[in-house]
Amino acid sequence: MRLLKELDPREPAEIGQELHRFAAQLYPICRSITGNGIRKTLALIQNRIPLQTVEVPTGTPVFDWTVPKEWNIRDAYIKGRGGQRIVDFQQSNLHVMNYSTPVRATMPLSQLRPHLFTIPEHPDWIPYRTSYYQENWGFCLSHNQMLALENGDYEVCIDSTLEDGHLTYGECYLPGRSTDEVLISCHACHPSLANDNLSGLAVATALGELLSGRDLRYSYRFLFIPGTIGAITWLARNRETVGRIRHGLVLTGIGDVGEFHYKKSRMGNAEIDRAVAHILRHDCESPAVLEFSPYGYDERQYCSPGFNLPIGCLMRSVWGSFPEYHTSADNLDFIKPQQLAGSLHLCAAVLDVLENNQRYRNLNPYGEPQLGRRDLYRSMGGESIGLEISARLWVLNFSDGGYSLLDIAERSGIPFSVISDAAQLLCQSGLLSVVPDERASKTALEGTPHYSNPTEVTSSR
Amino acid sequence: MRLLKELDPREPAEIGQELHRFAAQLYPICRSITGNGIRKTLALIQNRIPLQTVEVPTGTPVFDWTVPKEWNIRDAYIKGRGGQRIVDFQQSNLHVMNYSTPVRATMPLSQLRPHLFTIPEHPDWIPYRTSYYQENWGFCLSHNQMLALENGDYEVCIDSTLEDGHLTYGECYLPGRSTDEVLISCHACHPSLANDNLSGLAVATALGELLSGRDLRYSYRFLFIPGTIGAITWLARNRETVGRIRHGLVLTGIGDVGEFHYKKSRMGNAEIDRAVAHILRHDCESPAVLEFSPYGYDERQYCSPGFNLPIGCLMRSVWGSFPEYHTSADNLDFIKPQQLAGSLHLCAAVLDVLENNQRYRNLNPYGEPQLGRRDLYRSMGGESIGLEISARLWVLNFSDGGYSLLDIAERSGIPFSVISDAAQLLCQSGLLSVVPDERASKTALEGTPHYSNPTEVTSSR
Amino acid sequence: MRLLKELDPREPAEIGQELHRFAAQLYPICRSITGNGIRKTLALIQNRIPLQTVEVPTGTPVFDWTVPKEWNIRDAYIKGRGGQRIVDFQQSNLHVMNYSTPVRATMPLSQLRPHLFTIPEHPDWIPYRTSYYQENWGFCLSHNQMLALENGDYEVCIDSTLEDGHLTYGECYLPGRSTDEVLISCHACHPSLANDNLSGLAVATALGELLSGRDLRYSYRFLFIPGTIGAITWLARNRETVGRIRHGLVLTGIGDVGEFHYKKSRMGNAEIDRAVAHILRHDCESPAVLEFSPYGYDERQYCSPGFNLPIGCLMRSVWGSFPEYHTSADNLDFIKPQQLAGSLHLCAAVLDVLENNQRYRNLNPYGEPQLGRRDLYRSMGGESIGLEISARLWVLNFSDGGYSLLDIAERSGIPFSVISDAAQLLCQSGLLSVVPDERASKTALEGTPHYSNPTEVTSSR
C-alpha cells in the first residue's frame, strides 16, 4: 500500500481547498466537551467516513475523573442601557466562557467586571476561556469593547443548560490485515477556532477517506473526542485493548503557515517518532522535533505512565507560541489550503513508512549478488551510480534480519520511499525475502477488537 | 531535610566574612603532611565540629606506601655577611622547602644555589616546594631576592626534625537514618596557601556545622587529611567499610573568583556527578564539568581502580591553571568572602539533591489525575500554566518507579528544588508514594560504622 | 614489535622515492580483472615479498557470480583515411575500453561514434571505462581528439582475446604468534592509473617487506586481487577461515596530495576503526572518518552481511570526488613520494596499535602505587608533571582488566604510542601484568590456515 501514490494524482491546491471548505463548514458550531455542538460536528464527519458515535452518561467514573454534566447553550448577551446587545453570542460563540452556568440578571458594571475576560495586548481579539470543572460564568470580549463600557447597569443573559446528559465522541475503525492498530486522535471540543482544531479534524477525516476500503497492513482507529476528559474516557473504556496500538498520532494545529513541529512520544524513540522525524527531515525545510513533555494535547493521556503508548503529536506552530492561539484571530483566514494539504501529504507519507517498514533477509548474503546480470546495475564500469542503485546496495547489505527499512533509510540518508521501492524490486528479483513480523502474527490471534460497552453506541454509518 | 532553606536566612556577606575569618585564623600555621602544624589545624576545626583525630605511627604500611617520619620545624633562615636574615622562615613558612632535613652550615653561594627555588616569571613571589619522599633541603624565595644575592659565604639554618612519630588526620562522622555515607574530603597539609586549601577546610567545616544535629537521610563523613598519603592511609584503615560510600566530594580551591569547575568521578555518571552538574547548570553562569583524569587531588586515590568510588572534585579555578597556584600569591587576598559563601551554598544545594533524590510511584498512573479538584491546577482553562504546575505534571508522568527526581529534573529542565517541592506536595495529596531505596534499607542492617584501629584514636570532642 | 621504530631511521624522502619508483615500474602494464597484465604485476610484487599466485579457472562458480573469461590484448587502434593511428593503444592502454571484444572492421564515423567515450568537461583527458560482464567494445579518447574526427570511414582494430582461462590473484601470508589475522587488501586490476591503485599496491608491498621476518602478534595476509570478482572469489575459496580475520584494511588511492579519509567497517566501532581514527586524530591536520556505506572498494564484499568483517578502507582523496579519478590524469605526476611515504607511515602506526593493544591489570589497585621510590615520578613536589608520568597514571588507573590500551589512549587523549610505552615500563617495574587475550589463545588451537583448493596454487617464492 502506498498512500502517497494514491494522493499525488490530485492537485494539492484542489485537496487544500476541499479541506478548507470542510473546516469552514464546521467553524460556526459552538462545540464544547459535551453537548450538541460536538454531536453536530461528528454528524458532519460521519457524512465522509464510517463513524461510530459513543454516548457516555454524566457521572460515569473514568479513572480519577467523572464524566461531567452536559452543557448546551442557545443564546447569550450583555445588553446596555438602550437594550442593544453590546456583547452577542450570535456574533461569536467565543463571547461566552465555555461551560458557563445559566445567568439572567441586571447588574452594575462593578459587579459584572470580574466576569469579563480580555486580551489587553491584542485589544481587538476575543479570548477563548473555559471553566469546565468549576461552576462559573463569564463573557469574553475584545479589550476595546470593555474599555468602551460605561458605568451603569447591564442586562446579562446566558441561556445555557448544565444538566445530566452524555459525553459524546466519535470513533472510526478501519480494519487491516493485522489487529495491531494505528491510532489517530484529535480533539473536537473547541468552538470557533480554526487551527485549534478544525485543521486536525479536517485532515484526520480526509486521511480516513483515503484509507477507507484499502488493503492495509495495520488496522486504523480515528478518534474525534473532547480534549482531556474525552481521551481519559476512551482510555477507561478500552483499557484492555490499548495494547494493540503500535503507533499513533495526535493531530492538532496543522493548518497555519508555521513549520511542522513534531513532539515525540514519551518513549522518545518509538517507530512513530523515527518515522515522522525521517519524513520531516527529507520533506521539510526547517522542521522541529521536540522532546516529549507531559503538557500539551491528549498525548498527555496516551503517554501517561500506566499506558505509555507510542503516540506523538504533530503540529505546525506550537500551541501557546503564537499570539492568535486561543483567540478569535484563530479564524478561517489563519488556516490555509496549501498548509492543510501539506499536512495531509505529510501524514500520508508517515503512514506509508509505517505500512512498509519491515525487515528483510538478503538471500545472497556472501558478497554482493551480481546485480548486472539481473539488469539492476549500470552496465558500463568506471562511472558513478545513481540513488536507485545505491538504495539497492544499502538494502542488500543491511537486510540481515536485524535492520528494518527505516533503519536502513536512517543509516543511508536515503528517503524511505526510495529504500522501500528498492526492497520491493529486490524481492521481485528473488534476492530478498520479508522477515515475518513476530508481534503482528501473535496479536492477530487475539481476534477483532470489541467495545467494552457496545450498548452505549448510538449510531454508526 | 532542606539545607538551603536553613542556610538562606543568613546574609551571604555575613556567611562569607565568617568563612574568611576562619581561613585567616588557619593561615599562619606551617602545615605539612605530618607534624604539629596539621595538629593545630585540626584542633581549630574541632572547636566547631565534632572531630576525631587519628594518629598513625611512622612505619605503618599502607598499601604500597609506608607512613613517613614526622616532620616539625621551629625556625629557618639564610643569613648574609652582616648576620641579617636574608631569607626568613618567620616571615613566610613557604621559604623552607616542606620536609627539609635539618641543616646548620656556612657555605658559599655556589654551593647554596642548587638548594634555592624561585619563579623567574613572577619575580616577587615565593614558590611552594616539597620533598616528602626524598631526603633533601632547600629554600624557596622570590626571584628578585635571589638575584640580589652576592657571591660569598652564607649562614644556612633549618631547625627542623624528621623523626619517627605519627601521621595525623581528622574525621567527623555525622550519623543519619541510613549507614550509607556521603564523604567530604579535603587536604589539610599545605602551609600558608589560602585557596589551596584553607578555602576547602573552611567550607567543609561550615558544612559540618550546618549538618550537625539534623535528621539526615545519609550519614556524613568529613575527612581533613594530608594529601595523597593521608587518603591512602585512611583507605587502608577503612578498606572494609568504604563500600558504604554512596556519594562523595573532594573540596579544594573554592575561594578564588574563578568560575566553578567540577571534575567527575571515574565512573563518570555517578549520582554525585549528575547532581553537581545539575546544580551548576541552573545556578552558575558558565560552569565547567570536566571528565575524570587520574591526576589532581585525593580523588586520585578514592577513584583508584580497586575502589572506584563515586567521588568527584569541586574546584573554582583549576589547580595549575592560574599563576598564583603554589606560590605566596595564593594568600588571603586571593580568596574572597563572596566566593567562599557561594561555594558553601553550592555544596548545600548539592547535598539537598542527594538527600531528596528518590523514586516515587504515581498512584493514578492511567491518564492524568484530576489536579483541579485538589486545587493543584489553575482553575480557568485556555491560559498557560506556570512552572509549579508543570513540575507536578512532570513528576506525575515520570513517577513510574524507574525515574528518580533527579532524572525528572534533568529530563524536564526544571530545577531539582522545584521538582522536589512538587513531589512533596503530590505525596501530601495522596497522589504519589515513595519507592523504598533498596540499597539503603539493606545497608542499614550492617550496623553503625566502626574504626578498624580504635585504640589509635587519641581525642574526640 | 614497534614497526614505526623500524621505519623511522630511514629518510621519508628516500622511502617515498622508492615507493614511487615501484609504482612507475608497474604503471605501463595493461591490467584487467584477468589476464597477463595482472600476472606481470604480481610477478613484480613477488620480487619483493613472498607471494603465492592463485589461478582460478573460468567458469568456477563463486557465490552468486561466475569467474569470467580471461581477457588479453596485444594492440588496438583507430586509423584515419591516411592510415595513420589516430587513437593508439600503444600510447595509452586507457584508449581501449577494458574487456573489449576483438574487432577488426572499417566503418563510417556514425557507426563508430556509439563506441567512443570522452569527458567533455576535461577535453584533454582520456576516460577509463570497462565492460566486464556485458560483451562490448569501445575506445576512450580525449574529447578534443573526438571533435577533430571528420566524417568518413575509419579502420578499427582491437586485437584482444576473450577466452576460457583463469582469474589470477596474489596472496602473501606472514605468520605471527597467533593465527588471528590482519588482512590488507588492494585491487590490482586497473591499467595505467597511478593513484587508483598503484599507490595501494606500492604501499601494501612495502608494508609486507617491513613485516617480513619479524616476531608478530598477529598473522598478516596481503591480497592483491582484481576488484569485486577477485574479492568475491577469494571469499568463496576461504569461507571457512575468514573468521580468523580480526582486523583489516583495504588500501586504495593513497598517493595523491589529499588529506586522509578513512571509511569505517560496517560494524562501525571495530578495533580497526578506532585504531585508524586514533592515529589520524593525532597525526593528521584535518582527516575525515567516514561512516560505512555499501558502495566503494572491496570492503563492499568483506562487509557484506554474511561476512561482516572488521575491515575498513583507507584513502586519501575519496574516489569520484576529484576530477582526475578514472582518467588519464591519474598518472605518475598525480601521486607524490611524500604522500606515499606518509601513507606507509600511517599504516605502520595503525599496525603498531593493533600489535600492542592489550588489556593489563594494575597489581596495586588500591590507591596509587608509590611511583617515586621506583623512579617513575618527578622527585620534587609542587610542580606539574609531564606527559610520560601522566600516561603512567592513566595506565595504572584504568588497567582494571576491562580497559585496553586503546581505550585508555582514547579516554586520556594521549597518543597510543606514549600509553603503550608507559604500559611497558610499568610491566617492567612489576606494577602491571598483561591480561591474556581470550580469543587469541582459543583460535590458536585451530591450527594453521590452509587453502581450500591448494592444487590450484601455481607458484610461490
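Roughly speaking, what is the centre-to-centre gap between segment B:144-209 and segment A:331-401 when only Cα atoms are used, to the nearest Å? Cα centroid of segment B:144-209 versus Cα centroid of segment A:331-401: 68 Å apart. Oblate is the label for segment C:394-441. Its Cα gyration tensor axes, ordered a ≥ b ≥ c, give a/c of at least 1.5 and b/c at or above a/b.
Entry for segment B:295-340 at q = 0.25 Å⁻¹: log10 I(q)/I(0) = -0.94, Debye formula applied to identical alpha-carbon scatterers, no solvent contribution. The modelled label-to-label distance between C:Q91 and C:E259, using points 7 Å beyond Cα along the C-beta direction, is 3.9 nm.
Summing Cβ point charges (Lys, Arg +1; Asp, Glu -1) relative to the Cα centre of chain C gives a dipole of roughly 620 debye. What separates the A:S429 label point from its copies, with the point 7 Å along Cα to Cβ, is 6.1, 6.1 nm, written shortest first.
Taking packing as the residue-averaged number of other Cβ atoms within 10 angstrom, the listed peptides C:213-220, A:364-371 run from highest to lowest as A:364-371, C:213-220.
Chain B and chain A together bury an accessible surface of about 2400 square angstrom, both sides counted, with a 1.4 Å probe and no ligands or nucleic acids included.
Can you work out the FRET efficiency for the pair A:R48 and C:R281, with r the C-beta to C-beta distance and R0 = 51 Å, to the nearest 0.05? The formula returns an efficiency of 0.25 here. Projecting the alpha carbon convex hull of chain A along each direction and taking the average yields 24.3 nm².
Using Cβ point charges alone (K and R +1, D and E -1), the dipole size of segment C:256-408 about the Cα centre works out to roughly 500 debye.
Counting Cβ atoms of other protein chains within 10 Å of each residue's Cβ and taking the mean over peptide B:368-380 gives 4. Near A:D330, within a Cβ-to-Cβ distance under 11 Å, what is the net charge of the other residues, with Lys and Arg +1 and Asp and Glu -1? Overall, the nearby charge balance is -4.
Ordering C:Y169, C:C189, C:Q84 by the projection of their Cα atoms onto the charge dipole of segment C:65-199, which places +1 on the Cβ of Lys and Arg and -1 on the Cβ of Asp and Glu, puts C:Q84 at the extreme positive end. For segment A:300-319, heavy-atom accessible area (probe 1.4 Å) falls by no less than 10 Å² from the chain alone to the full protein assembly at A:R300, A:Q301, A:S304, A:P305, A:G306, A:F307. Counting only other chain Cβ atoms within 10 Å of each residue's Cβ, the peptide A:408-418 averages 1.
The Rg/Rh ratio of segment A:290-382, with both radii computed over alpha carbons and Rh defined as the Kirkwood radius, is 1.23. Here the relative contact order of chain B, from alpha carbon pairs under 8 Å that lie six or more residues apart, stands at 19 percent.
Along its three principal directions, the equivalent ellipsoid of segment B:154-264 from the Cα gyration tensor extends over semi-axes of 29, 19, 13 Å, largest first. Closest approach of a chain A Cβ to the axis relating A and C (residue, whole Å): A:N269, 11. Considering only B:L354, B:G320, B:Y302, the residue lying farthest towards the positive end of the dipole of segment B:298-373 is B:L354, judged by Cα position with unit charges set on Cβ. Rolling a 1.4 Å probe over the protein chains gives C:R392 an accessible area of about 40 Å². Within segment A:228-287, the ratio Rg/Rh, alpha carbon atoms throughout and Rh by Kirkwood, equals 1.05. Averaged over peptide A:360-366, the number of partner chain Cβ atoms lying within 10 Å of each residue's Cβ comes to 4.
For segment A:168-231, the Kirkwood radius over C-alpha pairs fed into Stokes-Einstein at 4 °C and 1.567 mPa s yields D = 106 µm² per second.
Each copy carries A:G402; placing its label point 7 Å along the C-beta direction from Cα gives inter-copy distances of 2.3, 2.3 nm, listed from smallest up.
Taking all protein chains into account, the per residue accessible area for segment B:191-344 stands at 26 Å² (1.4 Å probe). If you take the square roots of the eigenvalues of the alpha-carbon gyration tensor of segment C:211-259 and sort them as a ≥ b ≥ c, do you get rounded (a/c under 1.5), prolate (a/b over b/c) or oblate? Judged from the Cα gyration tensor, segment C:211-259 comes out oblate (a/c at least 1.5, b/c at or above a/b). Taking the Kirkwood radius as Rh and the Cα radius of gyration as Rg, segment A:218-369 has a ratio of Rg/Rh equal to 1.03. A:V350 sits among other residues whose Cβ lies under 11 Å from its own Cβ, and their net charge, with Lys and Arg +1 and Asp and Glu -1, is -4.
Think of segment C:1-140 as a dipole: +1 on every Lys or Arg Cβ, -1 on every Asp or Glu Cβ, centred on the Cα centre; then among C:L42, C:S110, C:N72, C:S110 lies furthest on the positive end.
On the beta carbon distance between B:L109 and C:Q428, with R0 = 41 Å, the FRET formula returns roughly 0.50.
Normalised by residue number, the volume inside the convex hull of the Cα atoms of segment B:43-111 is 157 Å³ per residue.
Ordered by solvent-accessible area of protein heavy atoms (1.4 Å probe), largest first, the residues B:Y128, A:Y173 come out as A:Y173, B:Y128. In units of the rule-of-thumb radius 2.2 N^0.38 Å, segment B:321-427 shows an alpha carbon radius of gyration of 1.56. Here segment C:154-251 exposes an accessible surface that is 42 percent carbon and sulfur, computed with a 1.4 Å probe and the other protein chains kept in place. Relative intensity of segment B:20-166 on a log10 scale, I(q)/I(0) at q = 0.10 Å⁻¹, equals -0.41, per a Debye sum over C-alpha point scatterers of equal strength in the absence of solvent.
Using θ = phi - 60° in the Karplus curve 6.51 cos²θ - 1.76 cosθ + 1.60, the 3J(HN,Hα) couplings for segment B:390-403 round to 4, 4, 5, 5, 4, 5, 5, 5, 9, 7, 10, x, x, 8 Hz; x is entered for Gly and Pro. Charging the Cβ of each Asp and Glu at -1 and of each Lys and Arg at +1, and nothing else, the dipole of the protein assembly as shown about its Cα centre rounds to 1740 debye.
The Cβ shell under 10 Å around A:I245 holds other residues with a net charge of +1, Lys and Arg each +1, Asp and Glu each -1.
Each principal axis of the Cα atoms in the protein assembly as shown has its own extent, and those three values, largest first, are 115, 109, 55 angstrom. When both segment B:85-100 and segment A:80-111 are represented by their alpha-carbon centers, they are found 89 Å apart. FRET efficiency for the pair C:H122 and C:Q84, taken as 1/(1 + (r/R0)^6) with r the Cβ-Cβ distance and R0 = 22 Å, rounds to 0.35. Counting only protein heavy atoms and a 1.4 Å probe, segment B:89-179 has 44 square angstrom of accessible area per residue. With the alpha-carbon atoms of segment C:17-67 aligned to their principal axes, the span from lowest to highest coordinate is 42, 23, 17 Å, starting with the largest.
Of the whole protein surface, A:I272 contributes about 0 Å² of accessible area at a 1.4 Å probe radius.
Only helices enter this figure: runs of n ≥ 4 DSSP H residues, each worth -39500 (n - 2.57), summed and divided by the residues of chain C, yield -9000 deg cm²/dmol at 222 nm to the nearest 500. By its C-alpha gyration tensor, with a ≥ b ≥ c as the square roots of the eigenvalues, how is segment A:155-197 shaped: rounded for a/c under 1.5, else prolate for a/b larger than b/c, else oblate? Oblate is the answer for segment A:155-197, as a/c is 1.5 or above yet b/c matches or exceeds a/b. Annotation for B:A148, label-to-label distances across the other copies: 8.9, 8.9 nm (shortest first, one decimal, point 7 Å from Cα along Cα→Cβ).
The values are calculated or read from the model by the stated rules, or taken from the named source; none is laboratory data. For clarity, every value in this text was computed on a predicted model and none was experimentally measured. Reconstructed Cβ throughout: ideal geometry from the backbone, glycine too, with neighbour counts over all protein chains shown. For accessibility, only protein heavy atoms count, side chains too; no ligands or nucleic acids. Shrake-Rupley method; radii C 1.70, N 1.55, O 1.52, S 1.80 Å.
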